[in-house]
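Here the structure comes first, spelled out in structure tokens, and everything after it is commentary.
Computed from the coordinates by the stated procedures, all read-outs in this text should not be read as laboratory data. Just so we're clear, the structure is a prediction, and the values are computed from it rather than from any experiment. So basically every Cβ, Gly included, is an ideal-geometry build from the backbone, and we count neighbours across all protein chains shown.
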Amino acid sequence: MLSDTDRRILRHLQTDPSLTSAELSERCGLSASACWRRVERMQAQGILRGQHAIINWAALGWEVEVSLRFTIDKTNPRAFDEFLAAARAVREVTEIQTFLGRVDVRLHVIARDMAHYQQIYREKILTLPHIADIEALMQVAVIAEDESLPI
């Protein structure tokens, strides 16, 4: 599926996604046009989904991070969809994941401090529809964080 050249491009983009087309092509030993065609092809195939900024929320004053795990009351056939739609509307939710198993949904929530988190929890989280159970995990530290793959 991927050639060695494609893998080389991906390795360089993982290391430094801010590379210009000229820098990327030079590091990969390709002409700028050939490199760009390969990048465009990988984007069209969904291999490269785009570039994004990784924000340090704590540096912006959002010092509390909580992972909330939900079990949804599935007696209503629309429960899952209604819960997800309501969760998307909570601005402090930065990530939503769904699972198979005991836990149905995980929300990653940020807050400025514990008082702010308490407000978010009471006013926005507990009002989400179809909650059967909630488990909260307070983040203490990030030990390892690496989204790169061994390509």
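Working carefully through the options 104, 133, find the one that is of a type outside the set (Ser, Thr, Tyr) and surrounded by fewer than 13 Cβ atoms within 10 Å (Cβ to Cβ).
None of the other options fit; the residue is 133.
Sort out which residues of the stretch 106-127 are closer than 19 Å to residue 60 by Cβ and either of a type outside the set (A, V, I, L, M, F, W, C) or assigned to a strand (DSSP E or B) (or both), and write them in order of number. Matches in the stretch 106-127: 108, 109, 110, 111, 112, 113, 116, 117, 119. Here the stretch 28-47 is the region considered, the condition is being in a loop (DSSP other than H, G, I, E, B) and touching a Leu at 6+ places or on another chain (Cβ under 9 Å), and the residue that is nearest to residue 4 (Cα to Cα) is 30. Of the set (1) in contact with a Lys or Arg (Cβ under 7 Å, 6 or more places away or on another chain); (2) assigned to a strand (DSSP E or B); (3) not polar (S, T, N, Q), all apply to residue 103 but (2). Considering the stretch 87-98, the residues that are surrounded by fewer than 15 Cβ atoms within 10 Å (Cβ to Cβ) and outside any strand (DSSP E or B) include one that is farthest from the chain's Cα centre (by Cα), namely 89. I want to confirm something. Restricting to the stretch 53-75 and keeping residues that are in a loop (DSSP other than H, G, I, E, B) and in contact (Cβ under 8 Å) with a residue 24 or more places away in the chain, which single residue is nearest to residue 127 (Cα to Cα)? Per the criteria, the residue is 73.
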